[in-house]
Amino acid sequence: MDGLKRKAVVSLFSSYASQFATAGTNLAAKLILARLIAPEDLGLYALALLVLLGGDILVDLGVSQHLVREKHRPYGNFLGIRLFMAALLFAALEFASPILKFWGSEFPAIIRLMAVVIVIKAFSGVPNLFLDRELLIQRTLLPQFARISLMGLVSIGLAYFGYGVWALAWGTIAAELLFAVLIWNAARRQIPLELTWRHTTALIWSSRFLFLIGCMGFVLQQGDIAIIGALLSPKEVGFYAMAYTLIILVSKMVESAVFRVIYPMFCEYSQDLRSLGKTYRYATLAIIAVEAPVYFFLLFNAPVVVSLLLGKQWLPAAVLIQALSVFGIINPFSTFGNEVLRATKRDAVLTLSTVIGAVTLLTTGYILTSRYGTIGMAAANYIIIGSIPTIVTVYRAIKDDFVQLAGQLAVVYATSFAVVAVASVSLSSVPHVRALVAGLLVPACWYTYYRAFGNGIGRDALNALLARRPAAVPEVAG
């Protein structure tokens with residue numbers, strides 16, 4: 001296990017290096033684009049991404065999640081499945097795009113252009129999964145950074161000359177093409193591309209629950225955009241998408257790097273519930289301790305943040321940011337709880353949880369949005385009854401660590417809110433000074449939580465990092 005721990009720590013550091021570099025570049029690009037792109041253009045792009053992300057789910061068929069937890073991983077079959085499904089979806093979108101004109105007269109042309117992204121991502125997804133599964137994430141640093149950099153450069157350049165939503169579309173295509181080339185180069189000579197027909201049918205059948213879970217997860221992640229797009233104008237979609245993007249950006253910077261490492265780790269510990277519980281508790285506590293002060297800061301200071309970073313045309317998004325501000329930490333036990341269920345093959349429970357969550361979001365989201373607009377959709381995100389099966393199952397599996405985690409999270413939430421609230425309320429008459437003081441208190445909270453909970457984690461990570469390097473993944477002949 002020492003070799004596994006070291007690979008996990010190296011991959012985690014590499015993943016964070018990639019995440020901060022790409023997130024920083026992405027944030028800078030978004031801030032520039034916010035001053036060049038109108039809200040309605042961003043709304044059209046968000047709706048196009050909705051279609052493409054749905055296509056990703058259909059291309060994957062749940063196989064990627066299944067491959068990670070199996071010892072035998074026929075990547076060649078996975079590539080064949082993805083390319084076949086992508087070709088079908090590309091043809092379907094090219095043929096059926098006029099049906100989607102209710103999202104705007106430009107939308108059919110935009111989706112016809114961006115449909116090629118489904119094929120490109122079908123090709124690049126296989127080596128990306130291989131590097132993640134083998135905990136070789138350090139090799140993805142250059143491809144990830146190059147993708148987001150090119151996306152920013154192309155989109156900003158075209159937006160400057162007035163291409164609007166087309167700037168975002170062409171930037172996405174160029175970025176995904178570059179990423180596909182670089183990620184295959186990073187995995188070449190090592191990724192085994194075995195192709196056996198019987199493995200294809202077995203992969204699809206074994207992944208059926210994970211595919212359904214993926215579909216429901218897509219509804220949970222993108223259902224809000226679909227509902228707002230159906231009921232409101234692209235401009236309202238744009239304001240909501242910008243607010244949601246800034247909120248989720250915090251989670252992406254903190255959680256995405258951990259997600260790439262934690263699921264393979266959970267799969268390795270699937271028969272050792274003691275180690276699984278400890279890893280789950282450490283990971284959840286670490287990310288919530290980072291996120292909670294930031295989200296409470298946005299709750300009190302979103303208008304200042306929006307006016308400074310995005311400009312006055314985006315001020316209507318400030319109230320949505322405040323409404324969504326603590327959405328990211330409202331359900332901490334499911335953050336990695338879903339990965340625990342996947343790793344331990346409790347697919348039925350995870351399916352039940354995601355189905356309940358998706359139905360609840362669609363139902364309450366539609367009702368509240370039709371009555372209260374985008375604020376209603378923000379409120380629907382907080383109805384998390386779908387997570388109850390996940391939380392109960394995780395509690396039963398790792399009860400001691402779960403209870404300990406609950407107590408630690410209570411301390412983090414209470415102190416984060418109190419510190420930021422006192423600073424914000426006491427300086428309410430001077431918004432910019434209030435935001436500055438509250439912002440300086442965020443890293444102070446981080447340091448306090450590290451001293452209280454994280455010293456042991458830091459020492460363990462350093463020891464694993466300095467341990468002897470494990471053997472490399474053997475290269476594939478030819």
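Summary of computed values
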| read-out | value |
| --- | --- |
| Value of relative contact order over the chain, rounded to a whole percent, pairs C-alpha under 8 Å and six or more apart | 22 percent |
| Highest average packing first - 299-307, 235-243, Cβ atoms within 10 Å | 235-243, 299-307 |
| Residue order, fewest to most beta carbons within 10 Å, for 272, 224 | 272, 224 |
| Protection-proxy order for peptides 408-420, 77-89, each taking the mean of Cβ atoms within 10 Å per residue, highest first | 77-89, 408-420 |
| Whole-Å distance, taken between Cα centres, linking the range 323-359 and the range 173-195 | 31 Å |
| Anisotropy class of the range 279-417 from Cα gyration tensor, a/c 1.5 cut | oblate |
| Summed residue charge, Cβ within 14 Å of residue 332's Cβ, Lys/Arg positive, Asp/Glu negative | -3 |
| Estimated inter-spin distance, residue 370 and residue 348, nm [label 7 Å along Cα→Cβ] | 3.6 nm |
| Distance from the range 133-169 to the range 205-271 (C-alpha centre basis), Å | 20 Å |
| Per DSSP, loop chymotrypsin sites (Phe, Trp or Tyr not before Pro) in the range 129-236 with at most 15 further Cβ within 10 Å | 161 |
| Pairwise Cα inverse-distance average, inverted: Kirkwood Rh of the range 208-478 (Å) | 20.3 Å |
| Label-point separation, residue 212 to residue 278 (7 Å along Cα→Cβ), nm | 3.6 nm |
| Order of 64, 426, 325 - criterion: other Cβ atoms within 10 Å of each residue's Cβ, fewest first | 426, 64, 325 |
| Within the chain: Cβ-based charge dipole about Cα centre, in debye rounded to nearest 20 (Lys, Arg +1; Asp, Glu -1) | 800 debye |
| Mean Cα-pair separation over length for the range 140-241, i.e. relative contact order, pairs under 8 Å, 6 or more apart, % | 21 percent |
| Top positive-direction residue, dipole computed over the chain with Cβ charges, set 453, 382, 96 | 453 |
| Sequence ranges 91-103, 372-384, ranked by mean other-Cβ count within 10 angstrom, highest first | 372-384, 91-103 |
| Footprinting exposure proxy for 312, 30 (fewest neighbouring C-beta atoms within 10 Å first) | 312, 30 |
| Theoretical gain in end-to-end length, residue 396 to residue 88 [0.36 nm per residue, Cα-Cα removed] | 106.6 nm |
| Computed lengthening from residue 195 to residue 440, 0.36 nm per intervening residue step minus Cα-Cα distance | 82.7 nm |
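Every read-out reported here was derived from the displayed coordinates using simple, explicitly stated rules and does not represent laboratory data. The model shown is predicted, which means the values in this text are computed figures rather than measured ones. Neighbour counts run over all protein chains shown; Cβ positions are idealised from the backbone, glycine included.
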